[in-house]
Amino acid sequence: MRGSIFLHILLLVKVLQISSFCQDPALEADPTPHLLWPFPASYSSGDVDIMIDDPCKFVFNVNNGSTQLTQGIQEVFDAYKRYMFASADCLIDLNQLNRDFVGASNNVLNFEIKDISKVQMDLDVDESYTLMIKTERLVISAQTYVGALRGLETFSQIISERQDPNTGAIAFVITSTPINITDSPRFVHRGLMVDTSRHFISKGNIFKILDGMMFSKLNVFHWHLTDSESFPFFFPSHPNFTKFGSFSSKQVYSEHDIKEIVNYAYVRGIRIIPELDSPAHLRSWSEAPEAAKLINCTTLRPPGSGAVGTPLGQINPTLNETYALLKDLFGDLDEYFPWEFFHLGNDEVDPYCWNNTEIYKFMEENHLQDFNGLFNYYINEERKVLNQTKTRVYWLNTVTAAYLKFLPGEILQWWGDTTPGFYSQFAKFPENKFILSNSDYFYLDIGFGKPYGLGGSMRTWLSIYNFPLNESEILQHEDQILGLEACEWTEMTNDAVVISRIFPRAASLGEKAWSQNSNPHTDNLSVFQRLNAWAVRSSARGVPSGPLSTGFCEINPSQCFNSSS
């Protein structure tokens, strides 16, 4: 019964490739045999269907059985078996299946992984893979475990269900073989930023977010750890920060929680970029007794910012204690996170919060002419106390681009709009690479209101997909672009809604950043059908995705979306 219900749901949204004897005539034909998301670099298919002989005993054969898998990798592989065969009745008599309605059978997925020890998702990790599916042979070949994992996600999307018209039993089928896929990402950075300070996001939901990222081949979880509202992230060197700065003792990421999240991301081919935003957005730091004297603007808001709202909080850049504190916090983060990137924020710093006699005296003594000079002084001193092996990342928009000075090799994350000022940044910072988080396309929080009654236009899955990545102004600077990143700020997003706020829109960015610019399936109809299939599949796997359109459009996509667009 469960299998039949599951089959019916998937039929409505076109995930299945059902043969003519049980095809609902009201459902439209799919544009490709397999609704893959993100679409691979090279793909071909045939016209032969094969069956998984016994899904309950389906085997992953890694390097001919010569490789011992770690517990974490084994857990990921086991999860994929559950995803693919969730509705399998493992008590069924296989003799009930009428094998005449499908072709040959197969029960082993072979992995050929050159270096399975390369698990950590660093910037230079090879994520490429090939997938070959033909009668009696299923093979994923990759240079690394991460590449094999990307291939496994693609393979899992090709498995479909078919109901035996004579017995009603469910069979698991791979349609349209032989299938040959060669695939690799366009950009090495395909990210999602989640703010866990404005609202606390539970560890369980962070796990779901990481799963959804794996399903859409996103590979960077940018963790915005703290902000003015709260300090939920535990630092062993300064436990007072969470003791006094969190919303409550239950809304804290403990050392154990953080290690679990790191390990969960690690085996899912995802690297974490921790962001400790400073020198502004630090009001919550001031709750800790040892930091209170270092933070300005903790009770009053700067003029012109409105009479209500969370005070900004901005650290005093002239004190030695400031940099001693930063060194402690950076050291803790080094212990937590093995990856090479570190995000230093530097966002929305307000001159008003550095407007006092002591700071002016310091500026005069150190020949700092103005606020711009003082801000650059802070950045330089901050660099000195960060582990020098780390690659530094900074937010950037047209305001800060006008006066901040960056060193070669530092990464700039653009969050301004897609204006002429954006296009000019590549030439202005020729020795830096960029992460594109253009707020008019990739800010997932916009459109749901603001804390004080304001709003904006929602960035939909289609508007995200329509980001002009292939325009000449961007293509000529593609070697400076590390990749794309969606941002989920959580002023108006809490734990109850965060998953459906992120997905499927972050998955839309997933294909935009993974698939090559030669992708032949970028018309609105194909994008909708394939992303909608992804959303249904993600929800069935336990990562609930919001809707892309109405139920009518899910059943009748060509009446809602144009295949020529």
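Each reported figure results from applying straightforward, stated rules to the coordinates on display, with no laboratory input. Quick caveat: nothing in here was measured; it's all calculated off a predicted structure. Cβ coordinates were reconstructed from backbone atoms using ideal geometry, including for glycine residues, and neighbour counts include every protein chain displayed.
Taking amide hydrogens as placed 1.01 Å from N in the peptide plane, the amide H of Phe247 sits under 5 Å from those of Phe231, each at least 5 positions away in sequence or on another chain. Compute log10 of I(q)/I(0) for the chain with the Debye formula, placing one identical point scatterer on every Cα and leaving out solvent, at q = 0.08, 0.12 Å⁻¹, to two decimals. The calculated log intensity ratios at q = 0.08, 0.12 Å⁻¹ are -0.57, -1.17.
Here the relative contact order of the chain, from alpha carbon pairs under 8 Å that lie six or more residues apart, stands at 16 percent. Measuring max minus min along each principal axis, the C-alpha atoms of region 187-328 give extents of 44, 34, 28 Å (largest first). Relative to its residue count, region 106-170 spans a Cα convex hull of 94 Å³ per residue. Between Asn320 and Gln369, the FRET efficiency from the beta-carbon distance, with R0 = 22 Å, is close to 0.50. Computed from Cα atoms, the angle from the helix 145-158 axis to the main principal axis of the chain rounds to 50 degrees.
Our summary of shape: the Cα atoms of region 226-284 have principal axis extents of 35, 24, 19 Å, ordered from largest down, in whole angstrom.
Taking a ≥ b ≥ c as the square roots of the eigenvalues of the Cα gyration tensor, region 496-565 is classed as oblate, since a/c reaches at least 1.5 and a/b does not exceed b/c. Evaluated at q = 0.11, 0.15, 0.18, 0.26 Å⁻¹, a Debye calculation over the C-alpha positions of region 178-246 (equal weights, vacuum) places log10 I(q)/I(0) at -0.40, -0.62, -0.79, -1.13.
Under 5 Å between amide hydrogens, built in the peptide plane, is the criterion, and for Lys114 it picks out Ala142, Gln143, Thr144 among residues at least 5 positions away or on other chains. When the listed pairs Lys428/Lys512; Lys208/Lys405; Lys243/Lys293; Lys208/Lys433; Lys293/Lys450; Lys361/Lys450 are checked against a 28 Å cut-off, the alpha-carbon distance exceeds it for Lys208/Lys405; Lys208/Lys433; Lys293/Lys450; Lys361/Lys450. Most simply put, the chain has about 35% antiparallel DSSP beta bridges, counting only bridges with both residues inside it. For the pair Asn466 and Phe448, the difference between a 0.36 nm per residue extended length and the Cα-Cα distance amounts to 4.4 nm.
Computed over region 189-514, the Cα gyration tensor eigenvalues convert (square root of 5λ each) into semi-axes of 29, 24, 20 Å, ordered from largest to smallest. Residue order for Thr196, Thr460, fewest other beta carbons within 10 angstrom first, comes to Thr460, Thr196.
Size of region 307-419: Rg and Dmax of its alpha carbons, in Å, are 15.1, 43. Put a dot 7 Å past the Cα of Asp122, heading toward its Cβ, do the same for Gln71, and the two dots end up 2.6 nm apart.
Each label was represented as a point 7 Å from its Cα along the Cα-to-Cβ direction; for Arg82 and Ser254 these points are 2.3 nm apart. Restricting the calculation to Cα atoms, region 117-223 shows an Rg/Rh of 1.09 when the hydrodynamic-style radius is the Kirkwood one. Remark: Phe77, Phe233, Phe467 ranked as Phe77, Phe467, Phe233, counting other beta-carbon atoms within 10 Å and listing the fewest first. May I ask for log10 I(q)/I(0) of region 416-565 at q = 0.11, 0.20 Å⁻¹, from a Debye sum over the Cα atoms as equal point scatterers with solvent left out? Treating every Cα as an identical point scatterer, log10 I(q)/I(0) equals -0.48, -1.32. Sorted ascending by nearby beta carbons within 10 Å, beginning with the fewest, Asp227, Asp350, Asp78 become Asp78, Asp350, Asp227. Site pair Thr398 and Asp89 shows an inter-label distance of 6.3 nm when each label is modelled 7 Å from Cα along Cα→Cβ.
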